[in-house]
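Okay, structure first, notes after.
Read-outs throughout are calculated quantities, based only on the coordinates presented, and are distinct from any laboratory measurement. Quick caveat, the model's predicted, so the values are computed rather than measured. Glycine also receives a Cβ, built like all others from the backbone with ideal geometry; neighbour counts cover every protein chain displayed.
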Amino acid sequence: MKNLFLIFSLLMLFSGRCLAASVYVFSGQIDLVTGLSGTADDFYADKGIYAGAIVNFSTQLDPLKNGSLTASDGTVSNLPFYEHSGIITDQHTWYRYASLSASSINIDQSSIGRTYNQLKDLSYWSPNSTPSFIGSIDVGSFLSISKNKAFGDTSAFVENWKVGDSLDFCIDYKDGADEVFASGQLKLMQIDTPLARISTVPLPGAIWLFGSTLIGIFGFRNVAK
């Protein structure tokens with residue numbers, strides 16, 4: 001009977017899992033800047049967007065919250081935690097929430113249109129291109145940080161990023177008719193987990209029913225003895 005209660009207690013214990021909101025800190029350099037829509041390459045130099053510029057970003061990731069997209073009119077669309085698509089190609093995407101908490105680039109995001117708040121892990125397979133695993137953090141109105149690995153290499157996924165990892169990043173910033181694109185390399189400098197939480201993940205009802213039935217049977221046998 002004691003062993004039965006131990007097993008049942010373990011079932012209850014593992015029905016919860018520790019999840020944490022984490023802060024990821026990045027530092028790196030812009031390698032390439034391209035002016036689009038007639039914009040000169042140095043048009044946004046005053047905002048910190050120029051070749052050779054040292055950049056720093058801080059993002060907050062929340063695995064318990066849905067990722068979202070905010071349209072220019074303020075409409076917020078929540079993304080599913082998981083999405084599958086494709087007929088010829090096969091694509092599996094996992095979304096969670098991410099936000100930009102600090103940036104060395106001087107951009108007034110309130111004046112820009114669509115805003116991203118998503119952490120995205122993507123499994124992509126296609127007979128016409130190289131299959132790959134991709135992890136990315138898309139935040140604010142302009143920034144994407146990503147890692148692309150061969151299909152099956154889970155180190156690409158954001159939850160597997162480690163301090164010291166090298167990552168690609170790009171900036172796509174629009175201001176009216178002008179647009180600038182910049183890219184470069186970042187290094188993950190720090191991961192802080194200031195808040196740990198317990199999220200209850202319900203076990204299938206059959207497990208609880210099975211456990212309570214076993215307790216009843218063993219209790220009856222003890223009474224009968």
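Quick one: check the C-alpha center-to-center distance for segment 73-93 versus segment 128-193, whole angstrom. About 18 Å separates the Cα centre of segment 73-93 from the one of segment 128-193. The Gln190 and Asn128 beta-carbon pair, evaluated with R₀ = 41 Å, returns a calculated FRET efficiency of approximately 0.55. For the pair Ser77 and Ser183, the difference between a 0.36 nm per residue extended length and the Cα-Cα distance amounts to 35.4 nm. Peptides 93-104, 149-160, 133-144 ranked from most to least packed by the mean count of surrounding Cβ atoms within 10 Å: 133-144, 93-104, 149-160. Listed peptides 28-34, 70-76 appear in the order 28-34, 70-76 once ranked by packing, highest mean of other Cβ atoms within 10 Å at the front. Exposure proxy for His92, His84: other Cβ atoms within 10 Å of each Cβ, ordered fewest to most, give His84, His92. Between Asn56 and Ala150, the FRET efficiency estimated from the beta carbon spacing at R0 = 35 angstrom works out to 0.75.
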